[in-house]
1. Quick one: if the Förster radius is 22 Å, what FRET efficiency do Asp469 and Glu550 give, using the C-beta to C-beta distance and rounding to 0.05?
2. Ordering Thr673, Thr425 by accessible area with a probe of 1.4 Å, largest first, what comes out?
3. Would you mind working out the magnitude of the charge dipole of the chain relative to its Cα centre, with +1 at each Lys and Arg C-beta and -1 at each Asp and Glu C-beta, to the nearest 20 Debye?
4. Given the options Thr639, Ser225, Pro258, identify the residue whose Cα lies farthest towards the positive end of the charge dipole of the chain (+1 on Cβ of Lys, Arg; -1 on Cβ of Asp, Glu).
5. For the pair Leu643/Ala676, report the inter-label distance in nm, with labels modelled 7 Å from Cα in the Cβ direction.
6. Add +1 for every Lys or Arg and -1 for every Asp or Glu among the other residues with Cβ under 14 Å from the Cβ of Leu96, and state the total.
7. Could you work out the per residue convex hull volume over the alpha carbons of the chain, in cubic angstrom?
8. May I ask you to order 629-641, 679-691 by the average number of other C-beta atoms within 10 Å around their residues, highest value first?
Amino acid sequence: MRADVSSKPQSQHPAFDLEQFAETRLEEGKDLDALHLELSQQLIQVRRELHNLIDLRYEDFLGLSSSVAGLDTTINDIKQPLTDLSAQISEVHTELASKLERIDARIAYRQAVRDKKHMLRLFIDLSQLLDRVNAVLSEAEQQLSDGSNVGALTEYLKSLERAAGEFSQARYFIEKGGAYPFILQAAERMQTQEERLHAALDAFLVSRIDEYVLAQIKGRMEPDSAHMGLLAQCLRTYTTVGEYDRAEALIRERLVRPVVSETFGGQPGKGMGLDPAVLSSMFQSTLDFIRQVGAPLARGISAHLPGCAATLEAHVFWREISGTILSALPLLFVPGMPDRFHKNYLAACDFVRQFSALFNTADRYSDLLASDESYVEFHRKWQLSAYFSIRKKQLTDAIDPHGQPESVLDQAAVDGILGELGLSTQLAARAIWALRRCWAEDVYLEPLAPWFWQLTIQIILWYQHSASDALKLLIRSNADEELTVVDQLLAHVHDMFALKQLCSDHIDSIRPLLPTTEQAPDASSVVDGLKDAISQAFEPSDDSAAGAIEHISATIVSASCANLASQLRRTTSQFRHTNRAAPKAPSAFVSKLFAELSAVELKITSPDTLAMLRTQVCLGISREIARVSIDALSTISKTEASLHRLRKTTNRASHLDQSNDLPVPPGVDLRGTTPASDNDKIRRQIWLDVMETGRIITESLNAATHEDYESLAQLIAPLGT
């Protein structure tokens, strides 16, 4: 029977390690006796499996000797042919390896011959190129000495351009030729030719620039086309030899630097707090120079060499101007005097716009100036973040009661805003002043639009926190001064709603100041986003205003209903044992319940505030009259029940005994009748007063009554006419 593989002892696995096995068992806590016992059991199992295997393959074991009989003879017969074949293969391999070595040597020899031929050809070509460059340069010098008219100069430049082309090819061969001796000799020879070529080009360019400047000084509005053609051809030759930057530097040094250095140099204080009028004068002088000399030169050359105007604008004129300003006026960019810094920055931005407009480059070259490193560096140097920090501190100090507002904001300005906008509180006037200053033309800068917008939100949040604190303080103030407190609360609530609308209107007024994009050319989406942010910022103020209105309404309700219980007691005394006729009209005090509300409403101009206040006051008064009326009617019922218990006569008394505290006892229904008893007359008068209160609230004031009043109105319906 075959042994189960799963029961195979661990010691029979090929990767069995006795030492590891022993360590594992010892880590498991087994001692040597237990380990010896386990190994003994495995030995017994191994022997059992061996016996089983012998029993299973016994017949094969017995026939093993007969099966391998003659096998050694067969092996010997095959061995000799295989040995001979291996020897033949080895001989062939050796012969082929020898032939391959000879072939590789021939290939290497031929490659070396080809390389030498190539280098020889390179040397010949390079030598011929250098000879041609020498010849062309000599020819150009001869042409220049023969005449200086346009035709001769044109031929001269053509020769220089041809020499530049040959020179560029020679330089290419030298760069690819390696460190061979003749290549190094050719490089030395080419350096001499390069100096000759540079000297010729530089001299020609300088002479043409000087001649152009002289012509422009004499008042020629547009440069001569032939002259511009010569300059364009000269710049093209510089480009051919890869030295266009050298030409630009030469034009900057010869044409632009003297004028710009004279304009911006020699200023005291290195530009710190520079008078904006002086800076504007400098910019205007520079623009006049560009208009008279720079722009015509760029347009004239660009007519013969397209795209040159943009490179001259960015790399020649702008780099020299901005570099001179940065070196001569380094403190111009520091906002130590924020008012002057603001004017100087705007003057610089205007100068950049006019400078770019003078060149009027094509659309495909229009981004060259904006992407130039000197242009980016010039704008980066303006310390706009520091300027904003200074302005922010000025504004926050002005509106903060603990700051020093007299330095930037005086009481006259606050009073002027209060009178102009009809505001009532100092807080609102300061907030409006700060908001206006954020976007004032002498403070705001377009690159700082997101920062000034954040400051606007911060000012609004400051106002709503300050106003909320003022409201809480007023609400907690002395109750003896309630009327004064109400007036002050109304002033704050009025300003809260007014300021929210004023801020929204202010955002519409600053629409032209906001930066636009291709996606939002009219800044409408930006304005809508700003208005949403303002609404969110004012949400806490809305809650504070609602709390103030609630306090005002509670004060009005308390004052209006203070004598309500005594008024109802007076009503009771008017009909108790007086034999007066049944009432037909409401009491006079009902119309006076809303006198306090009317007086306060005269001070409110906001429809929203008026509606909120009226709603809460009407709810409070209707709730109070319901409460007092129920108490009065219940008192009447109790009194009536007590009298009937003393008399113990009618059936009606039994009902009153059972429910002597109900406002309208069972069986009492005065509808369609004239009350006869004193108690019924009192009930009728209370019903008239309650109904008149509801009519005034719903019809005259167009408000709603409290749910307690509605329940009372249904309850006392049997007391009506």
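The values are calculated or read from the model by the stated rules, or taken from the named source; none is laboratory data. Please read these numbers as outputs of a predicted model, since none were measured by experiment. Cβ sites come from the backbone with ideal geometry, for glycine too, and all protein chains shown count toward neighbours. Quick note on the areas: whole protein, heavy atoms, side chains included, nothing else; ligands and nucleic acids left out. Shrake-Rupley method; radii C 1.70, N 1.55, O 1.52, S 1.80 Å.
1. Computed FRET efficiency for Asp469 and Glu550 comes out at 0.80.
2. Sorted by accessible area, descending: Thr673, Thr425.
3. The dipole magnitude comes to about 2300 debye.
4. Thr639
5. 1.4
6. That works out to -2.
7. Convex hull of Cα atoms, per residue: 529 Å³.
8. Averaged packing, sorted descending, gives the order 679-691, 629-641.
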